[in-house]
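The values are calculated or read from the model by the stated rules, or taken from the named source; none is laboratory data. Quick caveat: nothing in here was measured; it's all calculated off a predicted structure. Cβ placement follows ideal geometry from the backbone for every residue including glycine, while neighbour counts extend to all protein chains displayed. For accessibility, only protein heavy atoms count, side chains too; no ligands or nucleic acids. Shrake-Rupley method; radii C 1.70, N 1.55, O 1.52, S 1.80 Å.
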Amino acid sequence: MDKAMSSYEFSQPILVVENLWKKFPGVVAVKGASIKISEGEIVGLVGENGAGKSTLLKCITGVIRKDAGRIFWLGHPVDFHSPSEALKNGIMYVPQDIVLVKNLSISDNIFLGMETKPLLSIKETSRELNIAKQLLSELGIDFDPRIKSREVGVALAQITLIARALHFKAKLIALDEPTSALGPIEVDRLLDIMVKLKSRGISMIFVSHKIEEVVKVADRIYVMRDGEIVAEFNKNTFNLSEIIKAMIAREIKEFFPKEKVPIGEIILEVKDLSDYYGLVKNVSFNVRRGEILGLYGIVGSGRTETALTLIGYRYRKEGEIYVKGVRVNIEKPSDALRYGIAYLPEDWRLALVYLLTIKENMSIPILQILKKLNIGLLSPINLSAEKELALKFIETLRIAPRDPYRKAMYLSGGNRQKAALAKLLASKADILILDEPTHGIDVGTKVEIRKLMVDLAREGKAIILISSELPEVINMSDRILVMREGRIVAEFSREQATEEKIVKAAILKTS
Ligand SMILES: Nc1ncnc2c1ncn2[C@@H]1O[C@H](COP(=O)(O)OP(=O)(O)OP(=O)(O)O)[C@@H](O)[C@H]1O
Ligand SMILES: [Mg+2]
């Protein structure tokens, strides 16, 4: 441990984990981790992608079995065989990729697994609905619990699981990157809920790559690196740069390594692009070689929809698209790719899964090009070149483990995202649309990805950067477009742009 704890205001720990180990084929994911949590304590758990955070939480909460070590819960040794056994004992895991039973209502998802009710068979009784409503309103949400889970987004799915935890009287909730898919307003709401739960004596483990959020609500922070707990900070010793240093074992000098590169001719021009649903309204813009064009807006402002309409994934109602001065007709994502426009979807994890399963998915054309990266399907001719390419991306993006033969499904959440980015970069397109490219990525790798963007710009590629992280947009872009309600409402040059101006444009109605 780098830091000893000076004072400790909490009483007896309710959870004690001693020397926990977990191996997977080819990787030791957790190497003798020990942690403690007291009643009503929020403990942050931070670390690089692949550090072992999710694995540790899963071992504690019965999702997977540990290989060695001891877990004490409320003073007794335990080893839960399943998440439901853990939940019955008061421990709830809210995973990184939330899966609700989609055809059940919110209310059913809250009560799932309760013995008193014949499962899935009858409709909710009004009593259950009332309890569900009550639980949701305790969490500050006014929401009809009869709505089917497939209709709700990540934010409400999380809240459903938290309501479930409350219903089962959970004393410990492990939240695995709960904020990575949320917009700023939803993040604040979730952090408020966490503080509320804490005041009721509920303990929480909070995993997040957004260290500032962790620092905001946590009482203590553990830093995990390469399977081990390497540092511990308590509230009065929180220090952002110290925490980051412990995470990545090196210092980051420049979080936004933007460099000036020559800006060339217009490579993409979009005129009056509209979709059929009013989510994209008369969007016009252009982007030049060497330019990083930031696209900012609050969640729902139409940024992603614009990108998806542009690449032909969504239906275009009107609009003209010119690539290198020539008008092109893009009907589907493979057309876009043929004209050198590649899109990195917001949810890369989904993209990777889709790659394997859904034929008409936009990612298939990328897969076709990138098969070369898939070492298992290598043609003998390109063996060394392709392996070299894979290794290059593993190095640049710090994909862990550094093993080109590992299947994507066995990578940690963040590393899957990096693998998706590698696939896109290998597509050799000249126009790259990156939708939230640093979401769910650890701080060190964020910087690597930003450096990569600058390198790509220097090679003469044009980059459209869609990001909700305002400092990232401001510091990495040459020009920034702000969207609101499907329209581009403002444009700022790098010199003009300030956080205040951009937020104002993104939120305020001018009329
Ligand atoms: N089911 C599995 N099979 C094989 N290896 C796995 C499996 N799950 C995780 N790993 C490996 O264990 C290591 C730790 O992964 P883990 O998911 O715990 O990381 P993490 O800290 O949660 O990362 P992230 O921030 O990217 O979510 C990684 O090297 C990962 O590839
Ligand atoms: Mg994880």
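What are the residues whose amide H is under 5 Å from the amide H of residue 484, where those residues sit 5 or more places off or on another chain and H is modelled from the backbone?
Close amide H contacts, sequence-distant or interchain: 489.
Quick check on packing: order 166-175, 190-199, 414-423 by the mean number of other C-beta atoms within 10 Å, highest mean leading. Write down the numbers at each step before the final one.
Values: 166-175: 21.8, 190-199: 16.7, 414-423: 24.9.
Put in order of decreasing packing, that is 414-423, 166-175, 190-199.
Name the residues whose placed amide hydrogens come within less than 5 Å of the amide hydrogen of residue 225, ignoring near sequence neighbours (fewer than 5 apart) on the same chain.
For residue 225, whose amide H was placed from the backbone, the distant partners under 5 Å are 230.
Using the alpha-carbon centroid of each, what span in Å lies between region 413-454 and region 121-170?
36 Å
How much accessible area does residue 225 have with a 1.4 Å probe, in Å² rounded to the nearest 10?
For residue 225, solvent-accessible area is about 80 Å².
Greater than 30 Å separation of Cα atoms is the criterion. Which listed pairs, 23/171; 317/418; 88/198; 31/196; 258/317; 53/332, meet it? Write down the numbers at each step before the final one.
Details: 23/171 28 Å; 317/418 33 Å; 88/198 20 Å; 31/196 33 Å; 258/317 36 Å; 53/332 39 Å.
The pairs that break the limit, which is 30 Å between Cα atoms, are 317/418; 31/196; 258/317; 53/332.
Which whole-angstrom value gives the distance between the alpha carbon centres of region 460-504 and region 45-68?
37 Å
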